[in-house]
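Remarks on the structure that follows.
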Amino acid sequence: NEDKNIKDSKDKTDKDKTDKDKDSVEKEKKIVLPPIETKNLITISTNPPNAMLYLDKLKNKLGETPYQGTITKGKHVLILKIKGFKPMKKEIAISGNRTMEFYFDLKKDAKLAWTQITSTPSRASIYIDKKEIGPIGKTPYSGFISKGKHTIYIEKSGYKSQKQVGDFVPGDANNSHFKLTNKPVAFLTIFGKNVNKANVKINGKTICVAPCIKVEIPSGKNKLTIQKEEYKPIQKNMNFKTGNHYNYSVKLAKSPSKSGAITAYIVGLASLGAGIWLGNRSEEIKDEYKSDLADGIPVYSNDKRLTDGKIYAISANIVLGVSALSFVIAIIRTFSSSGPESKIIQTVQMGDTDLSVTPLFGPNQAGISLSFTY
């Protein structure tokens, strides 16, 4: 019995061990590791450097050359782009566990020429061929333009415009420099209260409608006039120095109403007409009275015509006096200037200000560049 119990215990132990081994095998079967995707260390260089690098699609941007990083194994297409050079597409094959280096020599775009445009002084506007399409930028400028002959125009406020015609060749320096000379002009800025839509004149010629910002005017002695309907004008003799920027704050005062003068003119004219009629009527009565005396017709002191003639004569004198007074009042109101006068005050000098808007172009983009210097 004792041997039997030992055997049963041993069988039970072997069975438990067998069951544990089966469980361990089952667990090992359930643990499945994912496949390891190997990557490589890839170095990509270009001549010239700083080319934009894309992988397979333009959406997948890797960065600029020189580039160092990892790319999954397999076949890929590298896309290289840089302004002034032809885009390049190259198919590469990446294998596992390798360090790979790629070098690409980019070819210049034969349709574009590199140019540098400078001027003295700087910040001059640059136009290519046609001014109507606007400036491409301001000096100093560096960039690409299409190869061939082009006319470059340079303009800067206060300086004479210049132009150069050149043949721009890809691969050449294509440098252009302009030395600008001053024009005999100054600059005028007008702003202030009630000045909106006022005519600003120099020597009788309208140069702008207020408000005016840095308008070119002839230098030297000039007569400045600022006029606006229903406001008192400003007239001032000025001496503008070449190249200076003059800023004026203007306050226009309301002109006095002319309705009183118009009323006085009407009263004067009406009184004049009435006075003339009354005077004529008095003379008619007087002539009639004298005619009766000459014809021997008896005339008595109580004749009504004597009273009427006196009344007409006195009324004529009164009415003519009112007419004269009305005309005097009308003339005074026409040419008098009541109330405060319009004022013009020179403000602090602003210096050399410059506001410009220029088109801006780049790879796969276009826009507007706004610059302001002061």
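Report every pair of residues separated by at least 6 positions or lying on different chains whose Cβ atoms are under 7 Å apart, first residue within region 153-164 and of a type in the set (Phe, Trp, Tyr), second not in a strand (DSSP E or B).
153/131; 153/161; 159/180; 159/181; 159/183
List every residue pair whose Cβ atoms sit under 6 Å apart, with the two residues 6 or more apart in sequence or on different chains, where the first one lies in region 58-81 and is more than 15 Å from residue 43 (Cα to Cα) and the second, anywhere, is at pLDDT below 90 and assigned to a loop (DSSP other than H, G, I, E, B).
Here the result reads 81/87, each pair linking region 58-81 to a residue that is at pLDDT below 90 and assigned to a loop (DSSP other than H, G, I, E, B).
Starting from residues that are charged (D, E, K, R) and modelled with pLDDT of 90 or more, keep the ones in region 198-222 and report whichever is farthest from residue 248 (Cα to Cα).
Among those that are charged (D, E, K, R) and modelled with pLDDT of 90 or more, it is 205.
Would you call residue 237 over 30 Å from residue 319 (Cβ atoms) and either of a type in the set (Val, Ile, Thr) or part of a loop (DSSP other than H, G, I, E, B) (or both)?
No: the conditions fail for residue 237.
Is it true that residue 158 is at pLDDT below 90, within 21 Å of the chain's Cα centre (by Cα), at positive phi and not aliphatic (A, V, I, L, M)?
Yes: the conditions hold for residue 158.
Have a look at 144, 178 and point out the one that is hydrophobic (A, V, I, L, M, F, W, C), within 25 Å of residue 219 (Cα to Cα) and surrounded by 12 or more Cβ atoms within 10 Å (Cβ to Cβ).
178
Can you confirm whether region 167-190 contains a residue that is within 30 Å of residue 332 (Cβ to Cβ) and either assigned to a strand (DSSP E or B) or out of contact with any strand residue (DSSP E or B) (no Cβ under 8 Å at 6 or more places or on another chain) (or both)?
No - not one qualifying residue is present in region 167-190.
How many residues are closer than 18 Å to residue 244 by Cβ and not acidic (Asp, Glu) when one looks only at region 204-228?
Here the count works out to 14.
It is to be established whether one or more residues within region 72-88 are within 60 Å of the chain's Cα centre (by Cα), surrounded by 11 or more Cβ atoms within 10 Å (Cβ to Cβ) and modelled with pLDDT under 80.
Yes, region 72-88 contains a residue that is within 60 Å of the chain's Cα centre (by Cα), surrounded by 11 or more Cβ atoms within 10 Å (Cβ to Cβ) and modelled with pLDDT under 80.
Hey, which of the strands (runs of 3 or more DSSP E) in region 268-374, taking only ones fully inside, have at least 3 residues that are surrounded by 14 or more Cβ atoms within 10 Å (Cβ to Cβ) and modelled with pLDDT under 80?
By residue number, 354-362.
The values are calculated or read from the model by the stated rules, or taken from the named source; none is laboratory data. Bear in mind that the values here come from a model prediction, so they are computed numbers and not experimental data. We place every Cβ from the backbone using ideal geometry, glycine too, and count neighbours over all the protein chains shown.
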